[in-house]
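Inspection log for the structure reproduced underneath, given as structure tokens.
The values are calculated or read from the model by the stated rules, or taken from the named source; none is laboratory data. Bear in mind that the values here come from a model prediction, so they are computed numbers and not experimental data. Here the Cβ positions follow ideal geometry from the backbone for every residue, glycine too, while neighbour counts run over all protein chains shown. These accessible areas exclude ligands, DNA and RNA; they are computed on the full protein's heavy atoms, side chains included. Shrake-Rupley method; radii C 1.70, N 1.55, O 1.52, S 1.80 Å.
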Amino acid sequence: MNRVPSNKMALESTTSNKRETVCIFGTGDFGRALAHKLIQCGYAVVFGSRSTQLSSLIPKDAEVFSHAEAAQKASIIIIAIQRQHYNFLSPLAENLHGKVLVDISNNLKINQYPESNAEYLAHIVPGAKIVKAFNTVSAWALQTGIVDASRQVFVCGNDTEAKQMVMDIVRSLCLSPLDQGALSAAREIENYPLQLFPMWKFPIFLSLVLTTFFFFYCLILDVIYPYVNDNKDFSFFIAISIANQICPILALILLSLVYLPGVLAATIQLYRGTKYCRFPDWLDKWMLCRKQLGLVALAFASLHVLYTLVTPIRSFIRWRISGQTISQALNNKTEELDMTNAWLSDSYLALGILGFFLFILLGITSLPSVSNSVNWREFRFVQSNLGYLTLVFCTAHTLVYGGKWFLSPSSYRWYLPNAYMLSLIVPCIVLVVKFVLIFPCLDKPLTRIRQGWERKPQYSE
């Protein structure tokens, strides 16, 4: 058996890895970063530019030609320039005929022009095969290494073969191409990078509304009421006390709002007797942003923990403790330990610790790097079963802390219930409905419905 020398094998391997030539129009930040990445992956790169002089910024293995010369050297041309500079391509229409032009441009605002940039490019160069790609990847990500958040590359185009060629390049750069269909999808792809946290708008808006409501509600009960009735100034409560009421209240309400759409959806499916009917649009949108709602709730719970940790060093707390100590010394009387309050206090803290621990676990498993490493059953067990257990612990934590206020007339200042009482409404509704849904008489038909059974099938066999 003949042996091939190792140096010859290495030479053949290097030669076989050599890829085709790619042309880039534009020597800006993205064009240079993409060229550097292409060269690393074995592509030959030529730049088409107004100036053919080499610059220190250009990758050393790339060549620079005029636009017409560079277009002749590659079948794939990446247009790394802004839309307002596309006019220079019209005189090059003959040189670009039959070429694959990759439009990577973005706009400054959503729906800035009547048509997408890629469709506008197709109008300027009608003989070329236009493909939209790379507009969701930043130059910074290409230069510093691709991270998980920047892996997806949306690709669309009318020519299947041209689109496949571009997708092959995307894969060779260790990115994930997502075929979005025809070139008409380019408008949506161009709008995507301009959206500012689209799934976070509702959770943040809802949090701001609830924060504002509970801030003024607590302000009335804890600051304005004592000042009006007893002429006592507790305005300093705004900094810590009121904030430490708002954070756990919002954490509990938002956590319950993560699971409320699930029980609503189950109720709707039981009522309809089928899963083949769309939910209302508001419920669909609500279910899509449950992850963001949960993360905002976790942020409020974390703030509650921090506020609680600083409570013992507050001047008000130290003043109150020292006053109680002096009072006992002057009266020569020591208060005995109240075992009931001791149990309630320790139970309240234990439930809070367990609830916060499970809360953090839910937040960790929602991270893409973690959720991608578990299967669907494991993910569902954590997010559903442990999620409801977290809601039980957090609700019990609040009940043990403020349950006594339900029966205390002094808690209803100006006939208004304590804020903690209001925070229990939504989570208690969710837990009660969920408890009812796990009864076999409801759980079994719901399971069958989700497996495809219909009470009144639209089409009979």
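Checking VAL382 against (1) open to solvent by 50 Å² or more (accessible area, probe 1.4 Å); (2) part of a helix (DSSP H, G or I); (3) not acidic (Asp, Glu), which test does it fail?
The single condition VAL382 does not satisfy is (1).
Looking at LYS163, is it open to solvent by 30 Å² or more (accessible area, probe 1.4 Å) and not acidic (Asp, Glu)?
No: the conditions fail for LYS163.
Against the definition (of a type outside the set (A, V, I, L, M), within 30 Å of LEU367 (Cβ to Cβ) and either in the same structural domain as VAL166 (by the TED database) or surrounded by 17 or more Cβ atoms within 10 Å (Cβ to Cβ) (or both)), how does THR52 come out, yes or no?
When the stated conditions are applied, THR52 does not pass them.
Which condition does ALA68 not pass, out of (1) in a loop (DSSP other than H, G, I, E, B); (2) free of Cβ contacts under 8 Å to residues at least 40 places away in the same chain, if it passes all the others?
(1)
When you go through PHE134, PHE154 one by one, which is the residue that is farther than 19 Å from ILE39 by Cα, in contact with a strand residue (DSSP E or B) (Cβ under 7 Å, 6 or more places away or on another chain), surrounded by 17 or more Cβ atoms within 10 Å (Cβ to Cβ) and of a type in the set (Phe, Trp, Tyr)?
PHE154
Starting from region 365-376, take each residue that is modelled with pLDDT under 75 and list its partners that are part of a loop (DSSP other than H, G, I, E, B), counting only C-beta distances under 8 angstrom and pairs at least six apart or across chains.
Matching pairs, first to second residue: none at all.
Tally up the residues in region 127-157 that are at pLDDT 85 or above and in contact with a Phe, Trp or Tyr (Cβ under 9 Å, 6 or more places away or on another chain), please.
9
Of all residues being part of a helix (DSSP H, G or I) and surrounded by 10 or more Cβ atoms within 10 Å (Cβ to Cβ) in region 327-340, which is farthest from the chain's Cα centre (by Cα)? Just the residue, please.
ALA329
Looking only at region 71-93, how many residues end up being assigned to a helix (DSSP H, G or I) and over 16 Å from PHE134 (Cβ atoms)?
Number satisfying all stated conditions: 12.
Which of the residues spanning region 98-113 are over 31 Å from the mean Cα position of the chain (by Cα) and surrounded by 13 or more Cβ atoms within 10 Å (Cβ to Cβ)?
Matches in region 98-113: LYS99, VAL100, LEU101.
Would you tally the residues in region 166-208 being buried (at least 17 other Cβ atoms within 10 Å of the Cβ), farther than 20 Å from GLN112 by Cβ and polar (S, T, N, Q)?
Residues meeting the conditions: 1.
From the set of residues in region 284-326 that are open to solvent by 100 Å² or more (accessible area, probe 1.4 Å) and either closer than 24 Å to LEU252 by Cβ or in contact with a strand residue (DSSP E or B) (Cβ under 6 Å, 6 or more places away or on another chain) (or both), which is modelled with the highest pLDDT?
Filtering region 284-326 for residues that are open to solvent by 100 Å² or more (accessible area, probe 1.4 Å) and either closer than 24 Å to LEU252 by Cβ or in contact with a strand residue (DSSP E or B) (Cβ under 6 Å, 6 or more places away or on another chain) (or both), the one modelled with the highest pLDDT comes out as LEU306.
Among the numbered conditions (1) surrounded by fewer than 19 Cβ atoms within 10 Å (Cβ to Cβ); (2) free of Cβ contacts under 8 Å to residues at least 40 places away in the same chain, tell me where PRO261 comes up short.
Just one mismatch for PRO261, condition (1).
Of these, LEU391, LEU362, LEU349, LEU358, which one is surrounded by fewer than 18 Cβ atoms within 10 Å (Cβ to Cβ) and assigned by the TED database to the domain that holds ILE321?
That would be LEU349, the only listed residue that is surrounded by fewer than 18 Cβ atoms within 10 Å (Cβ to Cβ) and assigned by the TED database to the domain that holds ILE321.
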